[in-house]
Amino acid sequence: MAGRLAPLSSPIHITFDGAEIPASPGEPLAVSLVGAGHLALARSPKFHRPRGPSCLRAACDGCLARVDGVPNVMTCMVAARDKMEIKSQNTLGSRNVDLLQMTDWFFPQGMNHHELFAGVFGLDKVMMAFARRVAGLGKLPSDVAPPRPAQRRQADVVVVGSGPSGMLLALELVARGRRVEVVDDAVTFGGSALALGVAGDEWRKLRERFEAAVRDHKVRLRLSTTAGGIFKDDLLVVGPEGGEVIEARAVVLATGAHDGVLAFEGNDLPGVMSARAALGFLAHGVTVGYRIAVVVTEGGGPFGESYAEALRKMAPEEVSVTVLKGEPISASGGSVVKEVAVRKGKSTKSIRADALVLDAPRAPAYELLSQAGADLEHRAYGFVPRPDFGGKIRDRFWAVGEAAGTALELTALGEEAARVASLVD
């Protein structure tokens, strides 16, 4: 069962489906909910199967909920505040017992609800109403959102992403006298360094250096702020301050990589998540289970081993973690994981577990690089700039880190940051 490894010293309180739970101010809401033992947070839109957070970076729908009257909120991307009201959505009954899950029993091979009974007099309208209910994503907001301000402005250097490569580059640029602002859509900075910092001092020290630069006003850090697109020389940014179209002397994309997702039976059960996400929970003092299977696939790393190492140091004896090398072939259970099967070579091993932490090869987050005009090529793990890239996409636009094909290794990232910072004009 998921939960906190230690009681909170000065908790705030939020409500989830009417029940009050403690939370740490500023942590992602998804962390607060899982820390209170709620791993199954949502229901899938079509078959109403239970869902839980699997990425902790807004790349899945497992943590969707209604927050203070606003539907479809990614709770991993919202900071906890006192007296927030979170409700599960898209259910007939409750989050734990959803009567519309019976759809899965009647259509075990799936269904196309757009064509079900279409054209059958009398039934078509009934099925249209039923289909809208089955495939819904919450009700409309309780209140009309007020207009948000928008502006166009100029900047010196904007770094998109506050992960290891973004932090290293920002520090290098500041040392060269540049005015740097870093935008990130997360509620906490650090990205992979936040996760790996749970087990590694060097990653934690990098975050401390960057935090000091922010505190000393050498770097402007803007969290919960999304870089939404690149249009010619303009960068569209949307955050708590409203929308902005920024024309910067230089834009550096340090967007990192997407967690690897593998196709296997039960890969969408609550409790199945990436090793990076599990480390993110652990960074906030939350374990995603008490009997955890860590599966490291070929090409995976370094998150799985780091998670197991950190959990063994931080967790009480009743929390167990088993590291397996191979490919997951199934995760079975009802509303949460109960058993995991892993294949290595010709042998298969099954173990009892209430969470499956998966460390698979990551795919570079190339989307903004593509919009900026990067010359990309496809490799086994995703799209990356061609080998002669060198960091520069075109005038004003650069890319560093995993998105640029650089390994997630501090020495390599540091050398790249120093080289690109010296070239940014």
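The values are calculated or read from the model by the stated rules, or taken from the named source; none is laboratory data. Bear in mind that the values here come from a model prediction, so they are computed numbers and not experimental data. As a convention, Cβ positions derive from the backbone with ideal geometry for all residues, glycine included, and neighbour counts pool all protein chains shown. Heads up: the accessible areas ignore ligands, DNA and RNA and are worked out on the full protein's heavy atoms, side chains in. Shrake-Rupley method; radii C 1.70, N 1.55, O 1.52, S 1.80 Å.
Descriptive notes on the structure:
- Of the residues screened, Gly243 is not one that is of a type outside the set (A, V, I, L, M, F, W, C), part of a strand (DSSP E or B), under 23 Å from Ser165 (Cβ atoms) and at pLDDT 95 or above.
- Test for Ser347: is it small (Gly, Ala, Ser), over 26 Å from the mean Cα position of the chain (by Cα) and over 30 Å from Gly285 (Cβ atoms): yes
- Residues that are within 19 Å of Phe16 (Cβ to Cβ) and basic (Lys, Arg) were ranked within the range 42-74; the one that is surrounded by the fewest Cβ atoms within 10 Å (Cβ to Cβ) is Arg66.
- Residue match in the range 388-396 (condition: open to solvent by 10 Å² or more (accessible area, probe 1.4 Å), in a helix (DSSP H, G or I), in contact with a helix residue (DSSP H, G or I) (Cβ under 6 Å, 6 or more places away or on another chain) and more than 30 Å from Ala6 (Cβ to Cβ)): no
- Condition check for Gly260: within 30 Å of Ala170 (Cβ to Cβ), surrounded by fewer than 23 Cβ atoms within 10 Å (Cβ to Cβ) and in contact with an Asp or Glu (Cβ under 9 Å, 6 or more places away or on another chain): yes
- Among the helices (runs of 4 or more DSSP H) confined to the range 124-239, the ones with at least 1 residues that are among the basic types (Lys, Arg), touching a residue at least 40 places away in the same chain (Cβ under 8 Å) and buried (at least 17 other Cβ atoms within 10 Å of the Cβ) are located at 201-215.
- Top-ranked residue in the range 397-407 [being touching a helix residue (DSSP H, G or I) at 6+ places or on another chain (Cβ under 7 Å) and part of a loop (DSSP other than H, G, I, E, B); ranked as least open to solvent (accessible area, probe 1.4 Å)]: Val400
- Test: residue in the range 315-323 that is more than 21 Å from Leu282 (Cα to Cα) and touching a Gly at 6+ places or on another chain (Cβ under 7 Å): no
- Selection from the range 357-371 of residues that are in a helix (DSSP H, G or I) and in contact with a Pro (Cβ under 8 Å, 6 or more places away or on another chain): Leu369
- Residue under evaluation Glu377, criteria (1) open to solvent by less than 10 Å² (accessible area, probe 1.4 Å); (2) touching a Lys or Arg at 6+ places or on another chain (Cβ under 7 Å), criterion not met: (1)
- Scanning the range 338-356 for residues that are in a loop (DSSP other than H, G, I, E, B), in contact with a strand residue (DSSP E or B) (Cβ under 7 Å, 6 or more places away or on another chain) and surrounded by fewer than 17 Cβ atoms within 10 Å (Cβ to Cβ) returns no hits.
- Qualifying residue in the range 87-106 (condition: within 24 Å of the chain's Cα centre (by Cα) and open to solvent by less than 10 Å² (accessible area, probe 1.4 Å)): no
- Of everything listed in (1) open to solvent by 70 Å² or more (accessible area, probe 1.4 Å); (2) under 24 Å from the mean Cα position of the chain (by Cα); (3) among the charged types (D, E, K, R), the single unmet condition for Asp359 is (1).
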